[in-house]
1. At R0 = 41 Å, how high is the FRET efficiency between Glu112 and Ser58 if r is their beta carbon distance? Nearest 0.05 is fine.
2. With +1 assigned to the C-beta of every Lys and Arg and -1 to the C-beta of every Asp and Glu, and no other charges, what is the dipole magnitude of the chain about the Cα centre in debye, to the nearest 20?
3. Compute the normalised compactness of the chain: alpha-carbon radius of gyration over 2.2 N^0.38 Å, N being the residue count.
4. Taking the dipole about the Cα centre of the chain, with the C-beta of Lys and Arg at +1 and of Asp and Glu at -1, give me whichever of Leu128, Met169, Phe84 is farthest to the positive side.
5. For the chain, what does the helix formula give at 222 nm: sum of -39500 (n - 2.57) over DSSP H segments with n ≥ 4, over the residue count, nearest 500 deg cm²/dmol?
6. For the chain, with the dipole built from +1 on Lys and Arg beta-carbon atoms and -1 on Asp and Glu ones, taken about the Cα centre, which of Tyr61, Ile72, Gln50 lies farthest toward the positive end?
7. Charges only on Cβ, +1 for Lys and Arg, -1 for Asp and Glu: so what's the dipole of segment 148-188 about the Cα centre, in debye to the nearest 20?
8. Would you mind checking Lys153/Lys176; Lys40/Lys63; Lys77/Lys176; Lys153/Lys183; Lys8/Lys161 for any pair whose Cα atoms are more than 19 angstrom apart?
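Values in this text are rule-based calculations from the coordinates and carry no lab data. Given the structure is predicted, the values throughout are model-derived calculations rather than measurements. Quick reminder, even Gly has a Cβ in these numbers, built from the backbone with ideal geometry, and neighbours come from all protein chains shown.
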Amino acid sequence: MPKASELKRGMVLEINGAPHVVKHLEAKSPSSRGASTIYKIRFNNLQTKQKQDESFKSDDYIKEADYVREPIQYSYKDGDNHVFMNTENFNQYEVNADDIEDQMEYISESLEGLTALIMDGVLLSIELPQSVDMEIIDTVPNMKGATAAGRTKPATLDTGKEVQVPEYMEIGEIVKINTGTGKFMSRA
């Protein structure tokens, strides 16, 4: 069981018998001596999709949920659901499109490094890799004399996501995007 001070974004914990994923952490330092640090944590319930805020002292123990991590790959869209396949045993899991709407702007058919959190045979959530490589499909033309430093321009990527890229980037180039911040990192 991890302490509150050891929690990280994306961890799955059991709160009141239901699995919750850590979405946001904030540490509040004490104003008086001897007081312990307070951690304000925002969770998302993986079953009901509701948000929940809790506060813990730094040495409070929190129970991890009983789940399995499996490597998966995006297969196809089936109506309102997205289908993912386990890359080791070829089991398939369906997820409602609304449940992973934010993550789908990073997921393409060839993307590797996805991990599924499975509890009782049900896919609870998907963990993205730290960064993904995506192709620029639309942006304003390259400006003559553009340099690597400074200015950016909007670009549309192959999944429809819009990001700011340096103004020297062109259509067809592959870029590395940070999945945590949604920002351009470098050329791939």
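1. Details: r = 37 Å, r/R0 = 0.90.
Efficiency, rounded to the nearest 0.05: 0.65.
2. The dipole of the chain has a size of about 1180 debye.
3. Numbers: Rg = 19.9 Å, N = 188, 2.2 N^0.38 = 16.1 Å.
Scaled against compact globular proteins, the figure is 1.24.
4. The residue sitting farthest along the positive end of the dipole is Met169.
5. Numbers: 1 runs with 4 residues, N = 188.
Value at 222 nm, helices only: -500 deg cm²/dmol.
6. Tyr61
7. Numbers: 6 positive and 5 negative charges, 36 e Å.
It works out to roughly 180 debye.
8. Numbers: Lys153/Lys176 16 Å; Lys40/Lys63 17 Å; Lys77/Lys176 24 Å; Lys153/Lys183 12 Å; Lys8/Lys161 26 Å.
Cα-Cα > 19 Å for Lys77/Lys176; Lys8/Lys161; rest within.
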